Structure formats: C-alpha cells, structure tokens
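*Asks:* Here's a structure for you.
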Amino acid sequence: MQETYFEEKVITDQKLQKYTAERCKFIDCEFRNCSFEECSITGCTFVNCKFTNCTIISLTSRYSEVKNAVFQKCNLIGVHWNDLLPSGKYAHSIDRLENCQIKYNTFSEMNFIRFHFSGNSIQESMFEQCNLSESNFLNCRLEGTQIFESDLRKADFRGATGYLIDITSSKMKEARFSFPEAINLLNSLGVKID
C-alpha cells in the first residue's frame, strides 16, 4: 500500500502479518476487529482514528505519527510510542485507552496530563520522562511496569498493583497510593523491610 489517503473510512476484520504500509494517511477512520502483527509503517499518519477490538503486535515505525487515537478493548503488544509521536507542541498520540491489554510498550517523553489509565492492564511496560501529573491509575494492573524520570504529581495510584516507580528521579508531590502496595516505592531506595 503506497501513497494512499483514507478519510472517515471504517476498516473491519483485516488480518495483516509482516505487512508494510508507506505514505498512507488515515483521517477520522475506524478500525474494528483488525489484527496487525509484525507490520511496518513508513511515512504514515493516523489522525483522530479509533481502534476497537484490535490487536497490534510488534509494530515498527519510521517517520510516522499518530494523533488523538482512541483504543477500546485492544491488545497492544510491543509498541514503542516514541516512534509515533506527532509533530506539534500540543498534539498527543493517545486520546483514550479503554479496557485494553498493554504489554511490552514503551512510552517515552509523552504527555499524559489528567489521563485515565484505570480499567486497563499495563504489563512489563515502561514510562520514561513522561508527564503523568494528575493521571488516574486507580485499580490498574501494572505488573512489572517501570516509571522513572516522570512527573507523577497528584497522580492517583490507589488500588493499583505491580508498579515499579523510581522515586529518586520522579516528581511525586501529592501523588496517592494504597497500602500495602506503596511499600514497593522503597525498592528504588534499596530499603529492605522485614
């Protein structure tokens, strides 16, 4: 697929494996029940697109961007979001995540102010140098998810489990945590509790 433009198109039941898309533009499109495994995108743009019940595994990207995407009931595995950051100071890649399974994802230098992560499962992923201030991780499963050099001021982690936060490199003022999971915050200080 090369140099193709799609606007307000509904794409359903596509199963693509090791597929390469170049210079495609998707504006206000909706993807339903699609699977993209080990696909590659080069010079592609996705603006205001919605993904419902989709699976994206090991996506590779060059010179591509995602703006204001909504993911509902999706499996996102092995996505490096830094490669998909949109141009422009105020644009953001992800507008909403709802009931998604997220595994082995990397979020780097992304803006998630007041973002709602609750209701999602985020496993073995990493947030690095992200602005997560006032974000809601309420009751999130965050098994093995690392957060460092990030702004967590006023973020809500009550009921969240499995997170690994480097409190020495992150801003934490007024962040909220639940006991006993909050004890894990001391791990980054090397403190042992018996």
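Every read-out reported here was derived from the displayed coordinates using simple, explicitly stated rules and does not represent laboratory data. Just so we're clear, the structure is a prediction, and the values are computed from it rather than from any experiment. Note: ideal-geometry Cβ built from the backbone for every residue, glycine included; neighbour counts use all protein chains shown.
*Asks:* Checking the a/c ratio against 1.5 first, then a/b against b/c, what shape does the Cα gyration tensor give for segment 1-84?
*Replies:* rounded
*Asks:* Pick the calculated mean projected area of the Cα convex hull in nm² for this structure from (i) 28.0; (ii) 9.9; (iii) 10.7?
*Replies:* Working out mean projected area of the Cα convex hull in nm² from the coordinates points to (iii).
*Asks:* Then there is this: How charged is the neighbourhood of ASN99? Take every other residue with its Cβ under 14 Å from the Cβ of ASN99, and add Lys/Arg as +1 and Asp/Glu as -1.
*Replies:* Residues near ASN99 contribute +3 overall.
*Asks:* Another one. Taking θ as phi - 60°, what are the ³J(HN,Hα) couplings along segment 147-159 by the Karplus curve (6.51, -1.76, 1.60), each to the nearest whole Hz, with x for Gly and Pro?
*Replies:* Per-residue couplings from phi come out as 10, 8, 6, 10, 8, 10, 4, 6, 6, 10, 10, 4, x Hz.
*Asks:* Would you mind checking which residues have amide H under 5 Å from ASN75's amide H? H placed 1.01 Å from N; only 5 or more apart, or other chain.
*Replies:* Correct list: CYS54, THR55, ILE56, GLN101.
*Asks:* Counting pairs of alpha carbon atoms under 8 Å apart in space and at least six apart in sequence, what relative contact order in percent does the chain give?
*Replies:* Relative contact order, the chain: 11 percent.
*Asks:* What is the sum of charges, Lys and Arg at +1 and Asp and Glu at -1, for the other residues whose Cβ falls under 9 Å from the Cβ of THR60?
*Replies:* -1
*Asks:* Tell me which chymotrypsin sites (Phe, Trp or Tyr not before Pro) from segment 43-73 have a DSSP coil assignment and no more than 14 other beta carbons within 10 Å of their own.
*Replies:* Qualifying residues, ordered by number: TYR63.
*Asks:* Quick one: of LYS18/LYS103; LYS67/LYS173; LYS67/LYS171; LYS15/LYS103; LYS73/LYS171, which pairs are farther than 22 Å apart, Cα to Cα?
*Replies:* The answer is LYS67/LYS173; LYS67/LYS171; LYS73/LYS171.
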